[in-house]
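Undergrad: For reference, the structure I am asking about is given below.
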Amino acid sequence: MRSVLRKLTWPWRRFPKIVGGLTGLVALLCLLVVGSNAYILLSTDGEATSDVADVSPAEVAIVPGALVNANGKMSGMLADRVKEASLLWHAGKVKKILVSGDHGQWTYDEPDTMRKALVRDGVAPQDIFEDHAGFDTWATMVRARSIFNVKDAVVVTQGFHMPRALFLAEEAGIHVSGLLADQHKWGYQGEKSEVREVFSRVKAIWDTTVDTPAMAGPRIPIQTSDGRESWGPAPPPGTPPAGSPDSSEAAAHLDATAARFRRDHT
C-alpha cells in the first residue's frame with residue numbers, strides 16, 4: 001500500500017511547484033467555466049417563453065443562423081427557428097424579422113436560405129432583413145444594434161442557446177426577450193449542443209469583456225428601410241445549393257468564378 005501511495009504522490013514530491021501550479025491553473029479554469037455559466041444562466045432566467053401568445057410585442061424578431069445542409073435545406077434546428085419567427089410576425093408580435101448568419105461564400109448562405117423560407121410562409125418580403133455577417137451570436141447582436149438600429153427585439157432560438165443569446169443581446173444594448181424554438185427533441189445532437197454551449201458561454205463573457213469587434217457596414221435602420229435593401233446579390237449562374245460544401249472541384253471553380261464576379265462588380 002505504501003509503495004502505491006509513493007507512486008501516486010511522486011510527481012508532487014519531485015516537482016511540487018510545477019504540480020501546484022498546474023493544480024491551481026485547473027482550479028482557475030474550472031472556476032471560470034462554472035462562474036461564466038452561472039452568471040449567464042442566472043442573469044437571463046425567466047426572459048424566454050415557448051408560447052407566441054405570451055411574447056411581448058417588439059419591433060423585430062432576431063433569428064440567429066445555424067447549419068444549412070448540403071442539399072440547400074435548413075437543418076431541423078434552423079427550420080424551427082424560422083417557423084417560430086414566422087408565427088411571431090403573423091401574430092403581429094413583431095413588425096420585422098432579422099435573419100442573421102454565415103454567408104462567407106457563395107456556396108453557403110444561411111440568411112438567404114432563411115429569408116426564402118419566410119417568404120414561402122407568407123411573410124412580406126419588405127419586412128425581412130438579412131445580415132450576411134452574423135458569423136457568431138455576438139456578431140449577430142452587435143450588428144443588429146449598430147447596422148440595423150435594433151433597440152427592442154425577440155430572439156428566436158433553442159433553449160440550450162437562449163441564455164447566451166439573450167445575454168449577448170443585452171450586452172449589445174438591445175432590450176430583448178426570447179421565444180423558444182424547441183419544436184423537436186434532438187437526442188444526441190442536442191446533448192452535444194448542450195456540452196458545447198458550456199464553453200460558448202465562457203467565450204461570451206470574453207467577447208463582452210474585450211468588446212470583440214464585428215464586421216462593419218452601411219447602416220440599414222429597420223424602422224425606416226425596406227428589408228430588400230439588405231438582401232445580398234444573386235449568386236453567379238450555376239452556383240450549387242446554399243449549403244453545398246466547398247471542398248469539391250466544382251465548388252472551387254464556382255468560388256473562383258464568384259471572386260471574378262465580385263471584382264467586376266465592385
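Undergrad: Could you grab me the full set of residues in the range 205-225 that are surrounded by 15 or more Cβ atoms within 10 Å (Cβ to Cβ) and part of a loop (DSSP other than H, G, I, E, B)?
TA: Answer for the range 205-225, where residues must be surrounded by 15 or more Cβ atoms within 10 Å (Cβ to Cβ) and part of a loop (DSSP other than H, G, I, E, B): Ala214, Ile220, Ile222, Ser225.
Undergrad: Check Asn71, Asn149 and return the single one that is surrounded by fewer than 23 Cβ atoms within 10 Å (Cβ to Cβ), touching a Pro at 6+ places or on another chain (Cβ under 7 Å), at pLDDT below 95 and assigned by TED's automatic domain parsing to the domain that holds Asp207.
TA: Asn71
Undergrad: Exactly one of these conditions fails for Ala133: (1) of a type outside the set (Lys, Arg); (2) touching a strand residue (DSSP E or B) at 6+ places or on another chain (Cβ under 9 Å); (3) at pLDDT 95 or above. Give me its number.
TA: That leaves (3) as the condition not met.
Undergrad: List the pairs whose first member sits in the range 29-58 and is assigned by TED's automatic domain parsing to the domain that holds Trp206, whose second member is assigned to a loop (DSSP other than H, G, I, E, B) and surrounded by 13 or more Cβ atoms within 10 Å (Cβ to Cβ), and whose Cβ atoms are under 6 Å apart, counting only residues at least 6 apart or on separate chains?
TA: Pairs found: Val55/Lys93; Pro57/Lys93.
Undergrad: Another question about this same structure. Among residues belonging to the range 90-109 that are at pLDDT below 95 and not in a loop (DSSP other than H, G, I, E, B), point out the one that is surrounded by the fewest Cβ atoms within 10 Å (Cβ to Cβ).
TA: Out of the qualifying residues, it is Gln105.
Undergrad: Within the range 165-195, count every residue that is assigned to a loop (DSSP other than H, G, I, E, B) and among the charged types (D, E, K, R).
TA: 2
Undergrad: Further question: Check whether at least one residue in the range 120-139 is among the β-branched types (Val, Ile, Thr), over 17 Å from the mean Cα position of the chain (by Cα) and not in a helix (DSSP H, G or I), and report yes or no.
TA: Yes - at least one qualifying residue is present in the range 120-139.
Undergrad: Right, Val202: aliphatic (A, V, I, L, M), within 16 Å of the chain's Cα centre (by Cα) and assigned by TED's automatic domain parsing to the domain that holds Ser86 or not?
TA: Judged against the criteria, Val202 is a match.
Undergrad: Out of Val150, Val202, Val198, report the one residue that is under 24 Å from Glu84 (Cα atoms), in contact (Cβ under 8 Å) with a residue 60 or more places away in the chain and either not in a loop (DSSP other than H, G, I, E, B) or not basic (Lys, Arg) (or both).
TA: The match here is Val150.
The values are calculated or read from the model by the stated rules, or taken from the named source; none is laboratory data. On a predicted model such as this, the values are computed, not experimentally measured, just so you know. Don't worry about glycine lacking a Cβ; one is built from the backbone with ideal geometry, like all the others, and counts go over all protein chains shown.
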